[in-house]
Amino acid sequence: MSEETRQTPAGDGKPSPGAPSRRALLGWGGAGLAVGAVAAGGTVAAVRSPEAPVAAADSGAAVPFHGAHQAGIATAVQDRLHFAAFDVTTKDRAELVALLREWTRAAERMTAGHAVGDGAYGGLPEAPPDDTGEALGLKPSRLTLTLGFGPSLFAKGRFGLEDRHPDALVDLPKFPGDNLDKSRSGGDLCVQACADDPQVAVHAIRNLARIGMGRTAIRWSQLGFGKTSSTTPDAQTPRNMLGFKDGTRNISGTDTAALDRHVWAGAEDGADWMTGGSYLVARRIRMHIETWDRASLQEQEDVFGRDKGEGAPVGKSKERDEPFLKAMLPTAHVRLAHPDSNDGAMILRRGYSFTDGTDGLGRLDAGLFFLAYQRDTRKGFVPLQRRLAAHDALNEYIQHVGSAHFAVPPGVRDTDDWWGRALFS
């Protein structure tokens, strides 16, 4: 963080002169009241003087929050994830809009490394703090917060959005082999928090959930570690829980032509408010790692179509050598997932590994939390997964147990903008 934006605790622990008090806004959880202050005064809740006592970071490792696209999609993939899907519990459209405004202001601060509102301390002892405090003293850690809207938010009779439902935001079909847990699927809203420090990511989701209390409730969430895909293909390719390199052919976050073609939605795609946005598929994929660990090395390499050491495709010597697909088994994962086998379709993946204890039968509950962004899910994930579900040899060792689909709107342009403004205009 530059010297101009660094915040250090003030000696008296009080807000800077001229800043709105916590009680004036009734906290970041007060339905609509903080939003009213923002509407009246511009950016009072999002900008703080350098003397403020609630800075949460002393490093410049921050990803800009504002832009044409939301951060956390083409952004270089961070090391840790906390993903949460929310049910909207309020039935009041105005309350939902107020929530999105408040979440936006909080996200602006947290991604910059600052605490929420008036912070975790220094306020009235009789009132709850505006920030939970566990990120105080930590770096921004490249935190990105990415918000999406689920199909259920557009249901008739809820918020008057049924005519705004984008055609590409389909209910995903049931694929062969799916064993989906409803408690780990769906959601009206989602927030993807990625950071290089797990506590920073967890802090962000915790505070958004706290702000939303009474208007939203967490439906399910997922922690992730060890990114399994990269948007910086020139860097070393990460490995998944099966020990194989994953994402060699992933879309680069700097390849603007590929992003425009495969990731960013355009006005011509049928939903003007989604221009500059994308569609996110989240799938919790359980890996039967104990079974996999008993498979021979040759079988493992045949399943993937790459060697385990270098990651080179069959018959090649280097990972990034152009694969000769016909040299692989017809059921090889790489062969089936390659764009040449799918009419050129590509998706941008940001997956993470997970381990969530055991399944009660002495086996690790572990696998891949798959995240994929695309311009139109009907042309991206759906046909690709149909092919994989029907033919992929990897299916013997994995099972999809959670699923969700979200429309991720364009970025927040400036401090007067907010998540989803175009949708509710």
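Under a model in which nothing but the beta-carbon of Lys, Arg (+1) and Asp, Glu (-1) is charged, region 247-366 shows a dipole of about 200 debye around its Cα centre.
The Cα trace of region 176-236 gives Rg and Dmax of 14.9, 45 Å, the first to one decimal, the second as a whole number. Computed over protein heavy atoms with a 1.4 angstrom probe, the accessible surface ordering of Arg375, Arg164, largest first, is Arg164, Arg375. Counting only heavy atoms of the protein chains and using a 1.4 Å probe, Ile398 has close to 30 Å² of accessible surface. The candidates Phe225, Phe244, arranged from most to least accessible area with a 1.4 Å probe in the full protein assembly, appear as Phe225, Phe244. Counting only heavy atoms of the protein chains and using a 1.4 Å probe, Lys227 has close to 50 Å² of accessible surface.
For region 202-267, the gyration tensor built on C-alpha atoms gives an oblate shape. Its axis ratio a/c (a ≥ b ≥ c) is at least 1.5, and a/b is not larger than b/c.
Under 13 Å from a point 7 Å along the Cα-to-Cβ line of Ser152: which residues of region 207-247 have their amide N that close? It comes to 216-221, nothing else.
Rolling a 1.4 Å probe over the protein heavy atoms gives the chain an accessible area of 41 Å² per residue.
For His288, neighbours were defined as the other residues whose beta-carbon sits under 13 Å from its Cβ, and their charges (Lys and Arg +1, Asp and Glu -1) total -2. The slack between Asp321 and Arg378, meaning 0.36 nm per residue of separation minus the straight C-alpha distance, is 17.6 nm. Here the Karplus curve 6.51 cos²θ - 1.76 cosθ + 1.60, taken at θ = phi - 60°, turns the phi angles of region 143-155 into couplings of 4, 10, 10, 10, 10, x, 10, x, x, 5, 5, 9, 4 Hz, with x standing for Gly and Pro.
For region 191-320, the carbon plus sulfur part of the accessible surface works out to 50%, probe radius 1.4 Å. Between Ser425 and Asp181, the distance separating the two model label sites (each 7 Å from Cα on the Cα→Cβ line) works out to 4.1 nm.
Spin-label pair Asp293-Leu364: with each label point 7 Å from Cα along the Cα-Cβ axis, the two points sit 0.7 nm from one another. Here's the picture: a label point sits 7 Å out from the Cα of Glu310 along the beta-carbon direction, and within region 327-367 the residues with their amide nitrogen under 20 Å of it are 327-329, 333-335.
Charges were assigned to the Cβ only: +1 to each Lys and Arg, -1 to each Asp and Glu. The resulting dipole of region 280-425 about its Cα centre is roughly 420 debye. Computed about the Cα centre, the dipole magnitude for the chain is approximately 520 debye when only Lys and Arg (+1) and Asp and Glu (-1) carry charge, each at its Cβ. Going by accessible surface with a 1.4 Å probe and the largest first, Ser425, Ser221, Ser341 read Ser425, Ser221, Ser341.
Once the Cα-Cα distance is subtracted from the 0.36 nm per residue extended length, the Asp260 to Ala235 segment shows a gain of 6.8 nm. Entry note, the chain: relative contact order of 22 percent, from Cα contacts under 8 Å with a spacing of 6+ residues. Heavy-atom accessible area for Glu301, with the other protein chains in place and a 1.4 Å probe, reaches approximately 40 Å². Relative to the current alpha-carbon distance between Arg249 and Asp171, full extension at 0.36 nm per residue lengthens the span by 25.4 nm.
The values are calculated or read from the model by the stated rules, or taken from the named source; none is laboratory data. Not measured: the values here are computed from a predicted model. Every residue, glycine among them, receives a Cβ derived from its backbone with ideal geometry; neighbour counts consider all protein chains shown. What goes into the accessible areas is simple: the full protein's heavy atoms, side chains included, and nothing from ligands, DNA or RNA. Shrake-Rupley method; radii C 1.70, N 1.55, O 1.52, S 1.80 Å.
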